[in-house]
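The values are calculated or read from the model by the stated rules, or taken from the named source; none is laboratory data. The model shown is predicted, which means the values in this text are computed figures rather than measured ones. All Cβ positions, even for glycine, are placed from backbone atoms using ideal geometry, and neighbour counts span all protein chains on display. Just so you know, the surface numbers come from the protein's heavy atoms only, side chains and all, with ligands and any DNA or RNA stripped out. Shrake-Rupley method; radii C 1.70, N 1.55, O 1.52, S 1.80 Å.
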Amino acid sequence: MTALLTLSRGIDAVTRWIGRGVSWMVLVAVLVSAGNAIVRKAFDLSSNAWLELQWYLFGAVFMLAAAWTLQNNEHIRVDIVSGRLKKRTRDWIDLIGHIVMLLPFLILMVWLLIPYVSLSYRSGEYSPNAGGLIVWPAKALLLAGFILLLAQAFSEIIKRAGVLFAGIPDPTPQQHPDPAADEMLATAPGEGAGEPATVHQEHVR
């Protein structure tokens, strides 16, 4: 388990570094979009290359930051259900879900995307739009994003297993407090069901 946790920390560090770097592409995409709009309105000029660059930047942010999103536990949940469950139950749901659903899906996507990207690269595929960009780098972003997400899925499985079976402190940011902790705060000595308890609950969140 020690070796696996070391591997998990390494994956997390790479994911975090890539995610923070890719986040700056949001600013670049905004500047490109604004510049393209200004030039089009002021000088009646437009370029398919600049329009497609916006799409590439958006795709890069979406795909390359997906693993960082998973690491920070920011993926979508059915909050009305998961928020009422105990933390250990949520850990089991995460572990089983990652193994049974997320992992097979990611392996399938990587397997399908390798020939898809390879064919585009070998053919030197370009955009069908006049003045458009070369296409294979955009397709390669899909493959890179799923590879990163696959690696992070392994990391999350290791961490969930470590929490459940080895009793390690949970390194994953929690979206929801433990319902038992909420109940303890609500019935703490000297606090009723009024504002002070609510303030403390928000602090735990």
Long-range neighbours under 8 Å by Cβ, at least six apart or interchain, first residue closer than 17 Å to ASN73 by Cβ within segment 9-23, second open to solvent by 40 Å² or more (accessible area, probe 1.4 Å): ILE11/PHE154; ASP12/PRO171; THR15/TRP68; ARG16/TRP68; GLY19/TRP68; GLY19/THR69; ARG20/TRP68
Pair list, Cβ under 7 Å, 6 or more apart: segment 111-138 residue closer than 18 Å to LEU51 by Cα, other residue open to solvent by 90 Å² or more (accessible area, probe 1.4 Å) and not hydroxyl-bearing (Ser, Thr, Tyr): none
Evaluation of TRP55 against (1) under 22 Å from SER127 (Cα atoms); (2) under 11 Å from the mean Cα position of the chain (by Cα) (one fails), failing number: (2)
Checklist (1) more than 13 Å from the chain's Cα centre (by Cα); (2) in a helix (DSSP H, G or I) applied to LEU70, failing item: (1)
Residue match in segment 151-159 (condition: open to solvent by 30 Å² or more (accessible area, probe 1.4 Å) and not basic (Lys, Arg)): yes
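Can you name the residue in segment 27-61 that is of a type outside the set (D, E, K, R) and assigned to a loop (DSSP other than H, G, I, E, B) and, of all such residues, is least open to solvent (accessible area, probe 1.4 Å)? Even if it seems obvious, please write down each step before you answer.
Narrowing segment 27-61 to residues of a type outside the set (D, E, K, R): 27-39, 42-43, 45-51, 53-61.
From the residues that got through so far, the ones that are assigned to a loop (DSSP other than H, G, I, E, B) too are 45-47.
Numbers: LEU45: 101, SER46: 79, SER47: 35 Å².
That would be SER47.
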Contacts under 9 angstrom Cβ, first residue in segment 90-103 being more than 12 Å from LEU164 (Cβ to Cβ) and without any contact (Cβ under 8 Å) to a residue 60 or more places away in the chain, partner assigned to a helix (DSSP H, G or I) and open to solvent by 40 Å² or more (accessible area, probe 1.4 Å), 6 or more apart: LEU103/PHE154
Residues (free of Cβ contacts under 8 Å to residues at least 60 places away in the same chain and in contact with a Gly (Cβ under 9 Å, 6 or more places away or on another chain)) located in segment 24-50: TRP50
